[in-house]
Amino acid sequence: MSDLFFGLQVAVQAPPHDPWRARLCSVVRQHVRDLALADNRGLYGSLANLLLDSIDRCAFGFWDFVPDGKSEYDDWVKGIEDDSAEPWVPDATGARMDHVLVSAMFLLPANGASARSVGERCDLPESTWQQRATWRQLLATLPLLDFASVRSDAVYVTPGGDRLGLSKRELAGEGYDYLLPIE
């Protein structure tokens, strides 16, 4: 059986120097090395808690659960890394640059415990996919993963640093048109 992909990306209003944003960046930076299974649970537990605390500030998001997901995982990682290599340019309209994108992605063996757990939590009517309650459920899934059954994982905060940001206008436009409003 092939691997499954589970990924989510959420745009959170977190202006430069926001204490929440500083905590987010700190959690991610503390875990920029190969982690033991228990450390992964700690990282994703902390990440989930921070994102759940900010759910009312989440403007846009996108999530996916894909069978035969190796290429999807690779595409997400490459896309985010390519974006991070481009120079940051302020929004030309003068819109407030007060959002960050938080992305988490996982490659899961199809017969593993994590794939079964995520599959059950993602089995939702399409009409509910962008509701805050669904996002709460998806975010709460992160620390429940059995990291012994996760082939690969990645977390990104874009843009990096506490002085850069994306505008809500940018996030609703070209290049980010896959992001959907969270209701």
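The values are calculated or read from the model by the stated rules, or taken from the named source; none is laboratory data. Fair warning: this is a prediction, and the values are worked out from it, not measured in the lab. Note that we place each Cβ from the backbone using ideal geometry, even for glycine, and neighbour counts take in every protein chain shown.
Against the definition (in a loop (DSSP other than H, G, I, E, B), farther than 21 Å from Ala11 by Cα, among the charged types (D, E, K, R) and modelled with pLDDT under 95), how does Asp91 come out, yes or no?
Numbers: in a loop (DSSP other than H, G, I, E, B): yes; farther than 21 Å from Ala11 by Cα: no; among the charged types (D, E, K, R): yes; modelled with pLDDT under 95: yes.
Considered against the rule, which asks whether it is in a loop (DSSP other than H, G, I, E, B), farther than 21 Å from Ala11 by Cα, among the charged types (D, E, K, R) and modelled with pLDDT under 95, Asp91 comes out as no.
So that you can scan it fast, the table gives a plain yes or no per residue for (1) among the β-branched types (Val, Ile, Thr); (2) touching a Cys at 6+ places or on another chain (Cβ under 9 Å); (3) under 23 Å from Lys70 (Cα atoms):
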| residue | (1), (2), (3) |
| --- | --- |
| Glu120 | no, no, yes |
| Leu124 | no, no, yes |
| Gln130 | no, no, no |
| Ala133 | no, no, no |
| Leu138 | no, yes, yes |
| Arg151 | no, no, yes |
| Val155 | yes, no, yes |
| Thr158 | yes, no, yes |
| Arg163 | no, no, no |
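Could you say whether any residue in the stretch 123-132 is surrounded by 13 or more Cβ atoms within 10 Å (Cβ to Cβ), over 14 Å from the mean Cα position of the chain (by Cα) and charged (D, E, K, R)?
There is at least one residue in the stretch 123-132 that is surrounded by 13 or more Cβ atoms within 10 Å (Cβ to Cβ), over 14 Å from the mean Cα position of the chain (by Cα) and charged (D, E, K, R).
Hand me the list of helices (runs of 4 or more DSSP H) wholly inside the stretch 104-183 holding 2 or more residues that are more than 14 Å from Gln9 (Cβ to Cβ) and among the aromatic types (Phe, Trp, Tyr).
Details: elements: 113-122, 132-141, 168-171.
By residue number, no helices (runs of 4 or more DSSP H) qualify.
Please identify the pairs in which a residue from the stretch 123-139 that is under 11 Å from Leu52 (Cα atoms) has its Cβ atom under 9 Å from the Cβ atom of a residue that is polar (S, T, N, Q) and surrounded by 11 or more Cβ atoms within 10 Å (Cβ to Cβ), counting only partners at least 6 apart or on another chain.
Listed by first residue and then by second, the contacts come to Leu139/Asn49.
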